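Peer 1: Have a look at this one.
What follows is calculated from the coordinates using simple rules that are stated; it is not laboratory data. Everything quoted here is computed from the prediction, not taken from an experiment. Every residue, glycine as well, gets a Cβ built from its backbone with ideal geometry; the counts of neighbours run over all protein chains shown.
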Amino acid sequence: MKNPRLNFVLPALTVLIYACSVRVANKFGTADLSQKETPPAAAAIRKDTLREALSFDLTPLTPEQSRKRFILPEGYHMELVASEPMITEPVAITWDGNAKMYVAQMETYTQDADGTGTKDPKSRVMLLEDTDNDGKMDKSSVFIKDLILPRMILCVNHELLVNETDTYDIFSYKDTNGDGVADEKKPVYTVGKVAPGNLEHQRSGLIWNLDNYIYQTVDPIRFRYVNGVLQPDSLHSGSNGQWGLTHDNYGRLFYSRGGGENAGSGFQINPKYGQLEFADAYSEEKFSPVWSKIQNPDVQGGLPRVRPDSTLNHFTSANGQSIFRGDRLPADLVGDYIINEPVARIIRRAKVINREGKTYLENAYDHKEFIASTDTYFRPVNTYTGPDGFLYIVDMSRGIIQESNWTQKGSYLRGKIDYYGLAKVNQRGRIWRLVHDGYKAGPKPKMLDVPASSLVKFLDHPNGWWRDNAQRQIIILGDKSVVADLKAMATGQKSVSAVGRLHALWTLEGLNEINKELLTVALRDKDPQIRRAAIWMSEPYIKKNDNQWIEQLGRLKMDESFDVKTQLLLSFGASKNESAKKIVQDILAENPNNEMLASVKKSTDRNEDAKIYGAKLAGFTPAERKLILGGGEIYKGMCSPCHGGDGRGLPTNAAPPLRGAKHVSADKEIAIRILLHGLKGPIEGKTYPSEMASMKDNSDEWIASVLSYVRYEFVGTSMRVGKGRQSAVVQPSDVKALREKYSTVKTAWTIDAFDELFAPVNRN
């Protein structure tokens, strides 16, 4: 028998649910469906979707409450390592050789939607310790204070290398009396000029790679640590990436480009050899979509970047990646690519697949993520393999995760920030570690103040963190008494794993103890990654045109490993030696259908062209050459993540292509006004996920340099008649004049607004 009271309640409850659902759904933007940029699919919001919208909980959670909101694979659990008030606004961490943790904190990052006080020198680096070995930090001190948004940190022996926002300079800090506070500061790399650009477009990383070079993102430079200073080495084709940088067991670097909506880049070849990307390195259909467990209305891209249920549909802010190399989680996780998406509140796990030398990334799960959270304020920005063998996650735990240049009044994102009050949630932060049933934390390392001889065995440790730190510490100590032991490891006289032999080889390289005898053995090693490394280390002999050695390397041209053949092409790419050229041609002839090998040859050729790029500018005055070349450096570091290194855009279609674009090649006033005030709306009938932000905070010379390079490099042939390429140059005085003329303009331009300027250009 039916319950009459129940029959009465259900219709009323249905109306109530529907009313609440519509009200909440409107917060997500469904009331804005009449806007031009809204795709038709956005209108197809279902009733069940509207009810799901209630899951966007605005309540700031305690660390314990947040821990319970993680959705993890079976057997995995999250543990809290540190949280506010011990830390606030954490962005990066590093450990010294004894597992003391340093935390870089951007404590003035977007404290309100207008970015008030962002560049105030109030940020800090904290020093944390776990004194009772329970995995949770219980002791803290302010190691460095009064910094401007510290962005890169690296431990070298007892010192901490630190780079701040708006400067290229890197300083070393040291605590000489053991009180947990740095009392000694010295420069290790100085440029002496301000680093231009928005803080989101500046460097990150500072990782000591297997090859003993220290890499960073954005800027076209890497370093060698020698006698307490950083010696720079240019990357002629530019660097890569934005926030986040990591490497695998074999020295392969993995960058990402959040601005270009690219969750992985630069992992095909080392940037020393040039730039090489493949559109199919990961699937646009299977890898790029993200799978949030809550609604994500606070996305800078607006409605085109959310599904009908208001979940993020694509990577928009990929960052803080790592290759898991620990030994205290399931073995099938080792070698996997871990990357954050803080807008979706998820962390992706991807398999790194090698097919005939070409690397691919594939989501480890189907339509779901490795780690997801229903905590609205979970904002993962970095991941690491820890000294205890677990995976560490840096969580800013805040409302706004976008820098204020993209949260200005009138923007889609600003509307959501103000509506939900997201700016009120800041000055928090958590560091988590991912653990698993049946695995205990590894022992705490003691690598400082011990002789190099006691570190050698750690080169064969199952945890990559231990191997990396042992290699670095032995090289920094410079103790040659361990050379014999290292040679025994590298040549297999001591029974160690392949990665142990590999680290022994690179440690010898760092101690300047590599010779042909060692390399001859390594070239015959059964592990292809050691054969590859031996070719890599042979480049000094190649550079000296050592014909006998070049011919010995050439015997590997038929190697079964495509990684080995690829490295031959890379290492021989700069050689003018006829034998080296013949080996390269033989490899290509024997593998005519291998895309990786053919592309590597093109990349190394372009890289060699980049080394002599100045020769192409002979027709310009020295001042004009300076503008174009300076703009090229800026473009490669800051603009290419969205527009592509060749100006043709990216597979993700994050931003319009610049090569041949009429708003680039037309009257230079148009291009200047775009950089000064930004550009929004459709471009040639196509809508992009985000608008071009204003760059007016940069100097007149900075803007003139970027535009001069873009117009010089990407315009069509019409720009190269008459005065030729010189017509591409934009002078700082041109920028200054338009800055003054349009000083009252506060909003971005649209292409339609430039029609009157386009018309006379097109008629000509």
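Peer 1: For the stretch 505-516, in order, what is each residue's ³J(HN,Hα) by Karplus, 6.51 cos²θ - 1.76 cosθ + 1.60 with θ = phi - 60°, in whole Hz (x at glycine and Pro)?
Peer 2: 4, 5, 5, 4, 4, x, 8, 6, 10, 7, 9, 5
Peer 1: To the nearest µm²/s, what D does Stokes-Einstein give for the stretch 145-244 at 10 °C and 1.306 mPa s, using the Kirkwood radius over alpha carbon pairs as Rh?
Peer 2: Taking Rh from Cα pairs, D becomes 113 µm²/s.
Peer 1: In the neighborhood of residue 521, defined by Cβ-to-Cβ distances under 15 Å, what is the net charge if each Lys or Arg adds +1 and each Asp or Glu adds -1?
Peer 2: +4
Peer 1: To continue, here is another question. Got a sec? How would 414, 625, 151 order by Cβ neighbour count within 10 Å, fewest to most?
Peer 2: Exposure proxy ranking, most exposed first: 625, 414, 151.
Peer 1: Under a straight-distance cross-link criterion of Cα-Cα below 22 Å, which lysines are reachable from residue 680, leaving out those fewer than 8 residues away in the same chain?
Peer 2: Answer for residue 680, where 22 Å is the Cα cut-off: 36, 409, 416, 662, 668, 696, 741, 746, listed by chain and number.
Peer 1: Compute the signed sum of charges (Lys and Arg +1, Asp and Glu -1) over the other residues within less than 15 Å, Cβ to Cβ, of residue 739.
Peer 2: 0
Peer 1: While we're looking at this one, here's another question. Can you grab the distance from the C-alpha centre of the stretch 466-493 to the C-alpha centre of the stretch 551-600, Å, no decimals?
Peer 2: For the stretch 466-493 versus the stretch 551-600, the Cα centre distance is 31 Å.
Peer 1: Mean separation of Cα pairs under 8 Å and 6+ residues apart, divided by the residue count of the stretch 482-596: what relative contact order is that in percent? Intermediate results must be reported in sequence, preceding the final value.
Peer 2: Numbers: 107 pairs, mean separation 20.8, N = 115.
RCO, the stretch 482-596: 18 percent.
Peer 1: Once you have the Cα-Cα distance between residue 621 and residue 539, take 0.36 nm times their residue separation minus that, and quote the gain in nm to one decimal.
Peer 2: 25.9 nm
Peer 1: Need the list of aspartates and glutamates near residue 686 for cross-linking: C-alpha distance under 15 angstrom, and skip anything on the same chain fewer than eight residues off.
Peer 2: Answer for residue 686, where 15 Å is the Cα cut-off: 37, 752, listed by chain and number.
Peer 1: Give me the net charge of residue 541's neighbourhood, meaning all other residues with Cβ under 14 Å from the Cβ of residue 541; Lys, Arg count +1, Asp, Glu -1.
Peer 2: Spelling it out: positives minus negatives among the neighbours equals -2.
Peer 1: Continuing with the same structure: Among 134, 395, which comes first, second and so on when ranked by fewest other beta-carbon atoms within 10 Å?
Peer 2: 134, 395
Peer 1: Using only alpha carbon pairs under 8 Å that are at least six residues apart, calculate the relative contact order of the chain and give it in whole percent.
Peer 2: 11
Peer 1: If eta is 0.890 mPa s and T is 25 °C, what Stokes-Einstein diffusion coefficient results for the chain, Kirkwood Rh from Cα pairs, in µm²/s?
Peer 2: 89
Peer 1: Now, a different point. Calculate the FRET efficiency for residue 84 and residue 686 from the Cβ-Cβ distance with a Förster distance of 41 Å, rounded to the nearest 0.05. Write out the running numbers ahead of the final one.
Peer 2: Values: r = 43 Å, r/R0 = 1.06.
According to the calculation, E is roughly 0.40.
Peer 1: Further question: Run the quick spin-label model on residue 177 and residue 588: label points 7 Å from Cα toward the beta carbon, then report their separation in nm to one decimal.
Peer 2: 6.5
Peer 1: Once R0 is set to 35 Å, what does the formula 1/(1 + (r/R0)^6) return for the Cβ-Cβ distance between residue 120 and residue 62, expressed as a FRET efficiency to the nearest 0.05?
Peer 2: 0.80
Peer 1: Apply the Karplus parameterisation 6.51 cos²θ - 1.76 cosθ + 1.60, with θ equal to phi minus 60°, to every residue of the stretch 358-370 and state each ³J(HN,Hα) to the nearest whole Hz, in sequence, with x for glycine and proline.
Peer 2: Calculated HN-Hα couplings, in order: 9, 9, 10, 10, 9, 4, 6, 10, 9, 6, 7, 10, 5 Hz.
Peer 1: In straight Cα distance, which lysines are under 16 Å from residue 68, not counting same-chain residues fewer than 8 positions off?
Peer 2: 293
Peer 1: List the extent of the Cα atoms of the stretch 542-612 along each of their three principal axes, largest first, rounded to whole Å.
Peer 2: 29, 29, 17
Peer 1: Need the full-extension length gain, residue 558 to residue 72, defined as separation in residues times 0.36 nm minus the C-alpha distance. One decimal, nm. Walk me through the intermediate numbers first.
Peer 2: On the way: separation 486, 0.36 × 486 = 174.96 nm, distance 4.47 nm.
Gain on stretching residue 558 to residue 72: 170.5 nm.
Peer 1: What value, in deg cm²/dmol to 500, does the helix sum -39500 (n - 2.57) over DSSP H runs of n ≥ 4 give at 222 nm once divided by the residues of the chain?
Peer 2: Computed mean residue ellipticity for the chain: -8500 deg cm²/dmol.
Peer 1: Same structure, new question: Pairs of alpha-carbon atoms within less than 8 angstrom and 6+ residues apart define the contacts here; what relative contact order does the stretch 63-436 have, in percent? Write down the numbers at each step before the final one.
Peer 2: Details: 987 pairs, mean separation 63.2, N = 374.
Value for the stretch 63-436: 17 percent.
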